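First the structure, in the form of structure tokens, and then the observations on it.
The values are calculated or read from the model by the stated rules, or taken from the named source; none is laboratory data. Note that the structure is predicted; figures quoted are calculated from it, not measured. For neighbour counting, all protein chains shown are included, and Cβ atoms are generated from backbone atoms with ideal geometry for every residue, glycine included. To get the accessible areas, we keep the full protein, side chains included, count just its heavy atoms, and leave off ligands, DNA and RNA. Shrake-Rupley method; radii C 1.70, N 1.55, O 1.52, S 1.80 Å.
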Amino acid sequence: IRMEVAKDLYHVKADYIWLEQSILNLLLNAVQASSPDSEVVIRCYNTEVQDPRTFCAGCYVPSKQQLGTGAYLVIEVEDHGSGISPETLPKIFEQFFTTKTGEKNSGIGLANVLNIVEAAHGHICVCSKVNQGTTFRILLPQV
């Protein structure tokens, strides 16, 4: 796991325990989708969204809220694992949906992540290509 954290990150209004839970959930999914020798990257940086239509262009955006212009803290979790098929991508935030097998897989992780991000007035998008990996990008507005 490699972390890339910029200096002087924006302040955001979010429940830190819930946000931590979201990042850990995304991290766990990334590790499970990757081979043991693969790298998972967590990035945190500030950005200014000037054209909301292009910021997550080509990615799946589950949020019903529109991304606005302005200053955002971005948290990314990127893996170079198996990726998510275009057919599966629209389902991943549905409660109880899972592609994993076994008793420990409830299918509520990504549904919770979406709820937590939206409760913080944020946005999430997912860029994924089969056999190339996945990047989850959370945008939280600066306060």
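If you go through the stretch 96-124 and keep only what is at pLDDT 75 or above and part of a loop (DSSP other than H, G, I, E, B), you end up with F96, F97, T98, A120, H121, G122. Residue pairs whose Cβ atoms lie under 7 Å apart, sitting 6 or more positions apart in sequence or on different chains, and linking a residue in the stretch 108-126 that is of a type in the set (D, E) to a partner that is part of a loop (DSSP other than H, G, I, E, B), are E118/S63; E118/Q65.
Entry remark, the stretch 7-54: residues being open to solvent by 70 Å² or more (accessible area, probe 1.4 Å) and not β-branched (V, I, T) number 18 in total.
Among the listed residues I42, I75, which satisfies the condition of being in contact (Cβ under 8 Å) with a residue 60 or more places away in the chain and touching a helix residue (DSSP H, G or I) at 6+ places or on another chain (Cβ under 8 Å)?
On the way: I42 fails: in contact (Cβ under 8 Å) with a residue 60 or more places away in the chain.
From the options I42, I75, the qualifying one is I75.
The requirement of being in contact with a Leu (Cβ under 6 Å, 6 or more places away or on another chain), open to solvent by less than 50 Å² (accessible area, probe 1.4 Å) and either without any contact (Cβ under 8 Å) to a residue 12 or more places away in the chain or outside any strand (DSSP E or B) (or both) is satisfied by F93.
Residues in the stretch 61-85 that are surrounded by fewer than 17 Cβ atoms within 10 Å (Cβ to Cβ) and either in a strand (DSSP E or B) or on the phi > 0 side of the Ramachandran plot (or both): G70, A71.
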